[in-house]
Amino acid sequence: MTWSGFLRDGQQFLPILLQGVWVTIAVTLCALLLSTALGIVWALMRTSGKRWLEWPAMLFTNTIRGIPILVQLFYIYFVLPELGVDLNAFQAGVIGLGVAYSAYMGEVFRAGILAVDAGTIEAAESLGMSRARILTRVVLPQAVRIVLPPYGNNLIMLLKDSSQASVITVAELSTQARLIASSTFKNQEVWTMAALLYLCLSIPLIILVARLEKRFGRR
Amino acid sequence: MIEIERLQKSFGTNRVLDGISLSIRQGQVVCIIGPSGSGKSTLLRCVNGLESYEGGEVRVLGKRVDRNSPEIRATRQQVTMVFQRFNLFPHRTALENVTEGPIYAAGEDRAAAEKHARELLARVGLTGKESAYPSQLSGGQQQRVAIARALAMRPKAVLFDEPTSALDPELVGEVLTVMRDLAREGMTMAVVTHEMGFAREVADHVVFMDKGRVVEQGPPAELLTAPREPRTQDFLRRVLRPLE
Ligand SMILES: Nc1ncnc2c1ncn2[C@@H]1O[C@H](COP(=O)(O)OP(=O)(O)OP(=O)(O)O)[C@@H](O)[C@H]1O
Ligand SMILES: [Mg+2]
């Protein structure tokens, strides 16, 4: 592989790989939204102090954590349609990754909620704040600060795990790379470019998370 | 203003409050003293509805305090609490700590709440510290913010649970000064404390508790200088001369 050769191949492959980059970003963002929303639900259920809420959330999250993401993706893409739920590859990828990551997000949020000083919650209660207000004004803002570093790490892992959606034909970055590599046999060039593109996506995230940590770390 | 009648409270099989009766009238300062574990904090927490109780009754302004009733929020806004460990909101500035209750519990307008909060911070000697975060303040300053926060609700009474026990000795005075001023201005206060000097000087009424019961109560001059009950005598001897 020479530099000029790499650049020439790059010019040729980059547009296709970039299409994959957009799909990777879309899958990651949609799965992030889903996993965050579901994760908050699991965390609230598991810290509710009510067994009829804690128990199903625990069962569900532990089941999900015990099954490889790959198997979950296959399940959603191939088994759900047999049960009458029709999903395209993108939707199945988002749901699979989102649900799988909701278990990890839920654990992160739960740890954050539990780390909030109970004294501050009592102080808010003693001022006569409603439960909803205590949640949004006292618990969540404090939990967010505690949660941001592990949340950011989960996001970076999710970005990389979005490549697993290629097994159900989602046309994301690694899928495109595999298609080009198998048709041109330029494995070194293609996979080097794919790796660089993943780094272009993840390094800004790493920097962003560090910045947020710094900003919220101040108390 | 606050009436406690034969109050009973247990944690599991541990009876922590065993028939407490006590009343606090408007403008009164009542100090509650007693050994560790006697139930003083639990008593205040029952008054604030932070704790449920099984027997007897707590009434605030004639209304029964019930942790699970929808009216508890209104009651809490009339009787606020200052905690031993301050319990400030660490993610909010001093000013925001004070405006939090008025804005988000009482629905007060932000500008009015901020104006009032600045006045209160000035009153507790914290002008210039409005935008400091709790972690940037000393313990004494934090506790004074907490007092301003409790006052911001314009409460009818304030409950203090050992407000100076978590402070370095040299910072106790500044908090007691604020509380003394507050008492002079006629605020109704229930103060759990080990500061006997403060109780003697400021209290209208002193209550000695042990093992979930009121052992003895009366004016400070009587109870602190000439207690009748042997348990009170014993406790005061240990508190006032701990090294003997
Ligand atoms: N949440 C709780 N669960 C179980 N037991 C509790 C709880 N809170 C308090 N207790 C018990 O109730 C008893 C009274 O506690 P409380 O905190 O009211 O005492 P106190 O007089 O305030 O003591 P101190 O001077 O140490 O603050 C203690 O035996 C304590 O262990
Ligand atoms: Mg106590």
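Readers should treat all values here as calculations from the given coordinates under stated rules, not as data from a laboratory. All of these numbers come straight from a predicted model, not from anything done at the bench. All Cβ positions, even for glycine, are placed from backbone atoms using ideal geometry, and neighbour counts span all protein chains on display.
Assorted remarks:
- Summarising the label geometry, the points placed 7 Å from Cα in the beta-carbon direction at A:Ala132 and B:Lys211 lie 4.8 nm from one another.
- The range B:135-244: translational diffusion in µm²/s, Stokes-Einstein, Kirkwood Rh over Cα pairs, 10 °C, 1.306 mPa s: 105
- Annotation note: GluC sites (Glu not before Pro) in the range B:1-62 located in DSSP loop regions with a Cβ neighbour count of at most 12 within 10 Å are B:Glu54.
- For the range B:1-85, the orientation-averaged shadow of the C-alpha convex hull comes to 5.8 nm² (one quarter of the hull surface).
- Eligible lysines near A:Lys214 by straight Cα distance, threshold 24 Å, same-chain separation 8 or greater: B:Lys129
- Our summary gives the range A:64-171 a relative contact order of 38 percent, counting only alpha carbon pairs under 8 angstrom and 6 or more residues apart.
- Computed from the C-beta positions of A:Glu213 and B:Arg228 and an R0 of 56 Å, the FRET efficiency is 0.40 to the nearest 0.05.
- Largest-first ellipsoid semi-axes for the range B:162-221, taking √(5λ) over the Cα gyration tensor eigenvalues, angstrom: 20, 15, 9
- The protein assembly as shown - convex hull of alpha carbons, volume per residue in Å³: 207
- Computed E for A:Ala115/B:Arg110 - FRET, C-beta separation, R0 41 angstrom, nearest 0.05: 0.90
- Between A:Leu14 and B:Lys63, the modelled labels are 6.9 nm apart [label points 7 Å from Cα along Cα→Cβ].
- Mean ellipticity per residue at 222 nm, deg cm²/dmol - from DSSP H runs of n ≥ 4 across chain B, formula -39500 (n - 2.57): -11500 deg cm²/dmol
- The base-10 log of I(q)/I(0) for chain B, evaluated at q = 0.16 Å⁻¹, reads -1.18 [Debye formula, identical scatterers on Cα atoms, solvent excluded].
- For chain A, the equivalent ellipsoid derived from the alpha-carbon gyration tensor has semi-axes of 39, 23, 11 Å in decreasing order.
- Separation of alpha-carbon centers, the range A:131-150 and the range B:116-181, rounded to whole Å: 25
- Residue-wise HN-Hα couplings along the range A:32-43, as the Karplus relation 6.51 cos²θ - 1.76 cosθ + 1.60 with θ = phi - 60° gives them from phi, are 5, 4, 4, 5, 5, 4, 5, x, 5, 4, 4, 5 Hz; Gly and Pro carry x.
- Mean Cβ count within 10 Å, highest first, over the residues of peptides B:142-155, A:75-88: B:142-155, A:75-88
- Each distinct pair of alpha carbons in the range A:168-210 adds a 1/r term; the inverse of their mean, the Kirkwood radius, is 11.3 Å.
- Peptide A:129-141 has a mean of 3 when you count, residue by residue, the C-beta atoms of other protein chains within 10 Å of its C-beta.
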